[in-house]
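Visitor: Let me begin by handing over the structure; questions about it come next.
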Amino acid sequence: MCEQSWRGVPISEIYGSQNPWGAPEFPLIVPSSNHAVLYHVPSINQLVNDAPPKPRVGKDIWTHDFVRMPCSRQSLYPVEDGNGESHLKKRWAIIEQALSKPMSTSQDLANSILSYNTKFKTTWKFQALHKLFNEYLEEDEAQYFFNVTLPEIVKLALALPKLVQCPIPLLKQNKSMSISLSQQQIASLLANAFFCTFPRRNTTKQTSEYASYPYINFNRLYNSSGSESTLEKLKCICHYFRRVCTKVPTGAVTFSRRCVATSSMPRWPLVQDTIAGLPVHVDSETTIEEAHGLIQVDFANKFLGGGVLNFGCVQEEIRFVICPELMISMLFTEMLLSNEAIMIIGSERYSTYSGYGGSFHWTGDYKDTTPFDSSGRKRCAVLAIDALPYSSLRHEYDKNKITRELNKAWVGLSFGTDQKSQEREFPGVATGNWGCGAFGGSPQLKSLIQIMACSCARRPMAYFTFGDAQLRDEIINVYNLLSTHNVTVGQLFKYIVEYTSTTIRPNHLHQFLQQKLLDGTRNKLSDVMEVSDIPMETIK
Ligand code: AR6
């Protein structure tokens, strides 16, 4: 009989029901001053009709508060005439003209992209794009792409003015706000990113308007050296387009930014919730994206998506390429501050994969059977929280840094919870070694930080150790130890802070806690002994 891969409570206690979909749905999509909905919210009957929702009509706005759309009337581009004189032309007209020409090679595609990005004629070399289509793919695969898929991506991109008629607000720092888009609108926006049409998004200069936003145009991916994992990421993206061009998805996706004032954060040393009150499930085999029905943590970069449009290929990047709708968050989400998190509800998965990092491979189509909620969103919630990067344990084991990570985790994990209630919040969360890979943190500390944040948010926790059975057992052992001693979040915070002033050694925190709690028990016992040893007559 094979050994079970999990410890702690059964996963049903993290769902809050026997099946993954028994937890309450997230709030319905309702347009309001802090929720921009870019399509007409269909009635339940229309959802059953299986047609994409209709775009809402709005004004063309060209300001700092909204995405500068390539199809805006005010998006102008300098074009030289035959006499060398420069004239401003509508950028969209140039894009339409360029993309309407037949393209049968990667060079044709590169030339089209350069025709409205002329500044980069000498710097964008498209190595990865050429390598993909000229060397990496089978000839018939490349031909299928240029004959069948690419013309459809062009149609999708050029349908932008019809499909997205309302301005898209930017999810700026220091403001809680949501945007809902239909999957069809997202596909059209991503098709534009594919053709690098978004204005003002190509430079990384500190002074540029979008310096505090992630990249969105795909040029960085095309212009990288074309490592195998980059080519595999491109395969995922091409597969996504093949899917959405074959059958338009009909759902919607909500992107919510949550910002909590520092004064409203928990006072960690005083938090009375006990660790024992938190249901914990630890599994070494499952991955986060396989934990259906739970809130799935994205180990994010403060610039959402991290290196997905570059050379990165770890948890966040992989998640974004197998579920490319997540990538459109990069169009409008300003860099996250330490008191902010992003929740994305409704994204669909399109690809399967194998490997990780340099060994990542696209392995085929994924049929996502996740049910839709009453607002037509896939019941998939992805929570983006960015840990701090560390170069040494010494830096990570610092009271202020620990408080920052606790706050960050709590802002995300308490998303949508009723802070006055004492009830558990379902669905629970699916997380793991947050901040412990590319960002160099230690799972011993990060698992405790997440246990504390979940306890305080009353959100049950499933922790996936990514193949590490030893870590799984360590986490459940320390959780059992803390539970047995009825340790509160506040006490644990103080113990960890005490630990920071000792000589920090790798993988030593759990031992320290064990010692601390055993000493505490001994002291209590000896207190009891001392009291009972005192002759009765002296106790008055
Ligand atoms: N499911 C469960 N655990 C996983 C999974 C998965 N699918 N994938 C990885 N892990 P990392 P970070 C485990 O390095 O350290 C990106 O570039 C595995 O043990 O992705 O927070 C972002 O954009 C892995 O070592 O997250 C940021 O820039 C660990 O989780 C940066 O990396 C951490 O995964 C974030 O780095």
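Visitor: State the answer as a single residue: which of Thr370, Leu337, Ser359 lies farthest towards the positive end of the charge dipole of the range 310-379, with beta carbon charges of +1 for Lys and Arg and -1 for Asp and Glu, about the Cα centre.
Guide: Going by the Cα projections, it comes out as Thr370.
Visitor: Now, a different point. Antiparallel as a % of all DSSP beta bridges within the chain, to the nearest 5?
Guide: Approximately 60 percent, going by the DSSP bridge assignments.
Visitor: Skip the ligands, DNA and RNA, and give the accessible area per residue of the range 7-96 with a 1.4 Å probe, whole Å².
Guide: Solvent-accessible surface per residue comes out at 62 Å².
Visitor: Tell me the trypsin sites (Lys or Arg not before Pro) within the range 316-374 that lie in a loop according to DSSP and have at most 16 other beta-carbon atoms within 10 Å.
Guide: Lys367
Visitor: What percentages make up the Cα-Cα pair-distance distribution of the range 253-384 when the bins are 5 Å wide from 0?
Guide: 2, 9, 17, 19, 19, 16, 11, 6, 3, 0
Visitor: Work out the length of the dipole vector of the chain about its Cα centre, built from +1 on the beta-carbon of each Lys and Arg and -1 on the beta-carbon of each Asp and Glu, and round it to the nearest 20 debye.
Guide: With Lys and Arg at +1 and Asp and Glu at -1, about 1740 debye.
Visitor: With charges only on Cβ, +1 for K and R and -1 for D and E, what is the dipole size of the range 268-336 about its Cα centre, in debye, rounded to 20?
Guide: Value, rounded to 20: 200 debye.
Visitor: Next up: With the cut-off at 21 Å, tell me which of the pairs Lys235/Lys367; Lys401/Lys494; Lys175/Lys399; Lys155/Lys378 have Cα atoms farther apart than that.
Guide: Where the Cα-Cα span goes over 21 Å, the pairs concerned are Lys175/Lys399; Lys155/Lys378.
Visitor: Moving on to the next point. Among Pro443, Tyr210, Phe26, whose Cα lies farthest out toward the positive end of the dipole of the chain, if unit charges sit on the beta carbon of Lys, Arg (+1) and Asp, Glu (-1)?
Guide: Tyr210
Visitor: Where in the chain lies the longest segment free of GluC sites (Glu not before Pro) that are both loop residues by DSSP (not H, G, I, E, B) and have at most 13 other Cβ atoms within 10 Å?
Guide: Segment 210-422 is the longest.
Visitor: Val429's amide H: which non-local residues (gap 5+, or another chain) put their own amide H closer than 5 Å, with H modeled 1.01 Å from N in plane and none for Pro or chain starts?
Guide: Ile295, Met461, Ala462
Visitor: Give me the percent of the accessible area of the range 185-336 that comes from carbon and sulfur atoms, probe 1.4 Å, all protein chains in place.
Guide: Carbon with sulfur: 51 percent of the solvent-accessible area.
Visitor: Here is a follow-up. How big is the chain by Rg and Dmax over its Cα atoms, in Å?
Guide: In order Rg, Dmax, the Cα atoms of the chain give 25.9, 112 Å.
Visitor: Continuing with this model, one more query. Could you pull out the trypsin sites (Lys or Arg not before Pro) across the range 134-190 that fall in loop regions by DSSP (anything but H, G, I, E, B) with no more than 14 other Cβ atoms inside 10 Å?
Guide: Hits after loop and neighbour filter: Lys175.
Visitor: Compute the orientation-averaged projected area for the range 372-457 from the convex hull of its Cα atoms and round it to one decimal in nm².
Guide: Taking a quarter of the hull surface, the average projection is 6.5 nm².
Visitor: If you look for lysine pairs in the range 1-151 that are eight or more places apart or on different chains, how many of them have Cα atoms under 28 Å apart?
Guide: Lysine pair count for the range 1-151: 17.
Visitor: Can you work out the FRET efficiency for the pair Lys247 and Lys494, with r the C-beta to C-beta distance and R0 = 45 Å, to the nearest 0.05?
Guide: Calculated transfer efficiency: 0.20.
Visitor: Another one. Provide the three semi-axes, in whole Å and in decreasing order, of the ellipsoid equivalent to the range 470-512 as defined by the square roots of 5 times the Cα gyration tensor eigenvalues.
Guide: Taking √(5λ) for each Cα gyration eigenvalue gives 18, 16, 6 Å.
Visitor: Given bins 10 angstrom wide, list per bin the percent of all Cα-Cα distances in the range 85-140, short to long.
Guide: 22, 44, 27, 6, 1
Visitor: Could I ask something else about it? Pull up all non-local amide H partners of Ser176: gap of 5 or more, or a different chain, and H-to-H distance under 5 Å with H placed in the peptide plane.
Guide: Amide H to amide H, under 5 Å and 5 or more residues apart or across chains, Ser176 pairs with Cys259.
Visitor: Please state, as a whole number in µm²/s, the translational diffusion coefficient that the Stokes-Einstein equation yields for the range 343-397 at 37 °C and 0.692 mPa s, with Rh defined as the Kirkwood radius across alpha carbon pairs.
Guide: 227 µm²/s
Visitor: Cα axis of helix 489-500 to longest principal axis of the chain: angle in degrees, 0 to 90, nearest 10?
Guide: Roughly 90 degrees, rounded to the nearest 10.
The values are calculated or read from the model by the stated rules, or taken from the named source; none is laboratory data. Keep in mind that what you see is a predicted model, and the values were worked out from it rather than measured. Here the Cβ is made from the backbone with ideal geometry for all residues, glycine too, and neighbour counts use every protein chain on show. Side chains are part of the model used for accessible areas, which takes the heavy atoms of the whole protein and leaves out ligands, DNA and RNA. Shrake-Rupley method; radii C 1.70, N 1.55, O 1.52, S 1.80 Å.
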